[in-house]
1. Which one is nearest to A93 (Cα to Cα), of the residues in region 64-74 that are open to solvent by less than 80 Å² (accessible area, probe 1.4 Å) and either in a helix (DSSP H, G or I) or of a type in the set (D, E, K, R) (or both)?
2. When you go through L88, L108 one by one, which is the residue that is aliphatic (A, V, I, L, M), in a helix (DSSP H, G or I), in contact with a Phe, Trp or Tyr (Cβ under 8 Å, 6 or more places away or on another chain) and over 30 Å from E23 (Cα atoms)?
3. Quick check, is T95 of a type in the set (V, I, T) and surrounded by 10 or more Cβ atoms within 10 Å (Cβ to Cβ)?
4. Is region 35-42 home to any residue that is surrounded by 14 or more Cβ atoms within 10 Å (Cβ to Cβ) and under 30 Å from Y14 (Cβ atoms)?
5. Does A61 satisfy being open to solvent by less than 100 Å² (accessible area, probe 1.4 Å), assigned to a helix (DSSP H, G or I), modelled with pLDDT of 90 or more and touching a Lys or Arg at 6+ places or on another chain (Cβ under 6 Å)?
6. Go through (1) more than 30 Å from Y14 (Cα to Cα); (2) surrounded by fewer than 10 Cβ atoms within 10 Å (Cβ to Cβ); (3) within 15 Å of the chain's Cα centre (by Cα) and name the single condition H102 misses.
7. Checking the conditions here, which among A77, A13 is more than 24 Å from the chain's Cα centre (by Cα) and either open to solvent by less than 50 Å² (accessible area, probe 1.4 Å) or free of Cβ contacts under 8 Å to residues at least 24 places away in the same chain (or both)?
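The values are calculated or read from the model by the stated rules, or taken from the named source; none is laboratory data. Predicted model, so just to flag it, every value in this text is computed and none were measured. Note that each Cβ is placed from the backbone with ideal geometry, even for glycine, and that neighbours are counted across all protein chains shown. Heavy atoms of the whole protein, side chains included, go into the accessibility calculation; ligands, DNA and RNA do not. Shrake-Rupley method; radii C 1.70, N 1.55, O 1.52, S 1.80 Å.
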Amino acid sequence: MLRPAGLDNTRVAYVKTGGGISETWHTPDCPALAITQINMEEGSKRVREQDAWARGVFPAAHERLRKAAAARPADTAAQPFVDALSELVQAQADTTGIVVLHRWVEILERHFPPELPDRTHE
């Protein structure tokens with residue numbers, strides 16, 4: 001139920017996946033507001049804990065991948081996959097956030113180029 005804005009009311013607004021905006025007004029004693037705040041705080045805490053764990057573990061996992069990739073014979077059918085994965089993981093290691101989509105595409109295009117039309121069979 002939407003409530004008019006009051007001096008002591010709280011507005012909770014968020015952008016939906018499809019792009020729409022949802023907003024709800026809560027009175028100070030609203031149980032749904034308390035639950036929303038608890039859930040947001042817990043979710044934020046979980047994300048911080050997961051991020052800290054991943055930052056601690058990532059360098060060793062990256063090194064294991066590097067060693068495994070170097071130990072593979074270079075002439076196998078899996079080599080483009082190994083090379084692409086190694087480069088994607090290195091791209092992640094080089095950033096503090098996420099590897100953006102255009103970087104993924106650059107790497108994948110390099111290792112798996114699109115098939116060009118065969119002009120000899122026109």
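1. The selected residue is L65.
2. Details: L108 fails: in contact with a Phe, Trp or Tyr (Cβ under 8 Å, 6 or more places away or on another chain).
Matching residue, one of L88, L108: L88.
3. For T95, the condition - of a type in the set (V, I, T) and surrounded by 10 or more Cβ atoms within 10 Å (Cβ to Cβ) - is met.
4. For region 35-42, residues surrounded by 14 or more Cβ atoms within 10 Å (Cβ to Cβ) and under 30 Å from Y14 (Cβ atoms): present.
5. no
6. Answer for H102: the failing condition is (1).
7. Details: A13 fails: more than 24 Å from the chain's Cα centre (by Cα).
The conditions single out A77.
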